[in-house]
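Below: one structure, written as C-alpha cells.
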Amino acid sequence: MASLKEKIGYALGDAAAGGITWKVMSIAFPLFFTNVFGLTVADTATLMLIARMFDVVTDPLMGSLADRTQSKWGTYRPWLIFGAVPLGVIFALLLYTPDFGPVGKRIYAYTLYLLMMACYTAVNVPYGSLLGVMTEDDNEKNQFSSFRMVGAYAMGFITLLSFPYLQKLVGGTPQHQYAVLGACLGAVATIMTLACGLLTKERLKPVRAEKFSFKPFADLFKNKPWIYLTLIGICTNFFNGFRYAVAGYLMEYCLHGDVTVSGLIINYTVFMTFGEVTCMIFGGLSPKFTQWMGSKKKAFMVAGLICMVFSIAFFFVPMNPAYIWLLIAIVVLTSVGVGLYSPLLWSMYADVADYATEKNGTSSTGLIFSSGTMAQKFGTAISGSLVALLLGLAGFYSGTDEVTGQTVINITNMEAVREMTWALFSIFPAIIIVIMLWLLYKYPIKK
C-alpha cells in the first residue's frame, strides 16, 4: 500500500513537468516567440513542426531505453534524479532572448527548443512509466494518476495566476521579465523533479526482454487498444493545444489587452488559470466519477461531451471585455470535462501496458507510456504550429528588425485575425472532440 507521501511525491513530478515547463511552453511560447523573442510566424510554426518530427523518433527510443535501465535507483527513477537539473537549466535558457539578429535568434531558438524537447522526453517518459511499476492494484493506479493530475493543475494554477504579478514585480522589458521568470521557474521545476525521483518507489519488476530488439516497436502496431488510445491522446492534446496556444492572442487582439476587474489583472495566463483550478478539483474527483459511471470509457466520453458543448458555446459570446466573466465561466465549465478525463488517459495507458505484457510476455511499459508523452507533445506543438500558421494566413506578421534587433508586429487584416483567433479557441477544439469521441467509441478495452 503506497503512502500519502509517495503519492504527493509522484504528483510533484507532473507539477514540474505539466504545471511549470509544459504549461509555460504551451501557453506562453507561441506569443513569446512572435511578440517578445522576435521570430516570424513562419519560423515559429516550422520550429514546432521540426520538434515534433524529432519527438517521433526520440520518444519511443526513450521508452525502450528506460525499460532496459538497471540501477540501484530502479528502472525509471534514475532518469528523474539525474535529469532534473538539465531540465530546469535548458528551460531557463529557452526563455532568455539573446541580443542577436534574425538568423542568430533563429539558430538559438531552434537549438534550445530541440534540447528542451529531448530533455523533457528523458524525464517525462520514465516518469509516466513509473505508474506501471509502483503498484498492480487498479484502484491505486487511478489514485496515483489522480494525484498526478491534481499536482499538474495545482502548479499550473499557481504558475499562471502569479505570472502577470511576477512580471510586474521583476519590471523592465518583456525580454528581461521572461528571462528572470524562466530562471526562477526552472529552479522550482528542478527541485520538484528531483523530489519525485527520491520519494517514489518501484515495487514491481518489469519483465525485461533478453536483448534490444525492434520487435516491441512492431508489436505496438498490432496492439489495437494502443493505436486507439494514442490517437485519443493526440486529440486531447490538440484540444488543449489550440486553446492554450491562442489564449495570448485572444486577450491581446479580441479583448484588447489585459482586463482589470477590482484590482485583479486578467491577462492570458490568469484567464486560463480559472480552468486550471477547475481541472485540479475535478481531476481529484475523477476516480469517484469513474466509479459512478461504471467504466473509464464511459466516464471519458461524458467528459468529452462536456468539453464539446461548452467550446461551441464560447464561439457565440461577443468579443468584448464586458463579457469577461461569462467567458471565464465557459472556460471553467469546459475545464470540468478536461479535469475529469485527464487522469483517465494515463490510467488507461497502464491498462494498455498490462494488455501488452500479457499478450507479448515481456514488459513494454516505458515504450507504451512514451507514446502518451509523444501524443502530448505532438498534439500540443502541432496545434501551436497551426495556430501560428493560420494567424499568419489571416494577416498577422512578426519578426526582428535587422537593423535595430527589435521585435516588429504588423497586422494587415485585424478583423480576420480576430475571427480566426476566436474560432481557434472554440470551434477548432470542438471539432477535435467529435473525432475523439468516435475513437473512444471504437476503443476496445472496457475497464
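The values are calculated or read from the model by the stated rules, or taken from the named source; none is laboratory data. Predicted model, so just to flag it, every value in this text is computed and none were measured. FYI the Cβ positions are ideal-geometry reconstructions off the backbone, even for glycines, and counts take in every protein chain you see. Each accessible area value is taken on the protein alone, full model and side chains, heavy atoms only, with ligands, DNA and RNA left out. Shrake-Rupley method; radii C 1.70, N 1.55, O 1.52, S 1.80 Å.
Observations, loosely collected:
- Conditions (1) touching a Ser or Thr at 6+ places or on another chain (Cβ under 7 Å); (2) surrounded by fewer than 19 Cβ atoms within 10 Å (Cβ to Cβ): number failed by TYR165: (1)
- Taken together, VAL338, VAL331 contain a single residue that is part of a helix (DSSP H, G or I), at pLDDT 90 or above, in contact with a Phe, Trp or Tyr (Cβ under 9 Å, 6 or more places away or on another chain) and over 17 Å from ASN142 (Cα atoms), which is VAL331.
- Residue in the range 317-332 that is open to solvent by less than 10 Å² (accessible area, probe 1.4 Å), more than 20 Å from the chain's Cα centre (by Cα) and over 30 Å from THR260 (Cβ atoms) present: no
- Enumeration of residues in the range 411-447 that are of a type in the set (Val, Ile, Thr), open to solvent by less than 50 Å² (accessible area, probe 1.4 Å) and either closer than 30 Å to LYS222 by Cβ or free of Cβ contacts under 8 Å to residues at least 60 places away in the same chain (or both): ILE432, ILE433, ILE445
- Single residue of the range 178-224 satisfying the filter (β-branched (Val, Ile, Thr) and either at pLDDT 65 or above or touching a Leu at 6+ places or on another chain (Cβ under 6 Å) (or both)) that is nearest to TRP73 (Cα to Cα): THR200
Matching residues to (1) among the polar types (S, T, N, Q); (2) under 23 Å from THR97 (Cα atoms):
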residue	(1), (2)
TYR127	no, no
MET134	no, no
GLN143	yes, no
LEU160	no, yes
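- Scoring VAL408 on the criteria (1) part of a helix (DSSP H, G or I); (2) of a type outside the set (Asp, Glu); (3) more than 20 Å from the chain's Cα centre (by Cα) leaves a single failure, condition (1).
- SER383 vs. criteria closer than 30 Å to PHE300 by Cα and surrounded by 15 or more Cβ atoms within 10 Å (Cβ to Cβ): yes
- Only one of the numbered conditions (1) open to solvent by 50 Å² or more (accessible area, probe 1.4 Å); (2) more than 21 Å from ARG418 (Cα to Cα) is violated by SER295, and that is (1).
- The listed residues are THR34, THR40, and the only one of them that is under 29 Å from PRO164 (Cβ atoms), open to solvent by 30 Å² or more (accessible area, probe 1.4 Å) and in contact with a strand residue (DSSP E or B) (Cβ under 6 Å, 6 or more places away or on another chain) turns out to be THR40.
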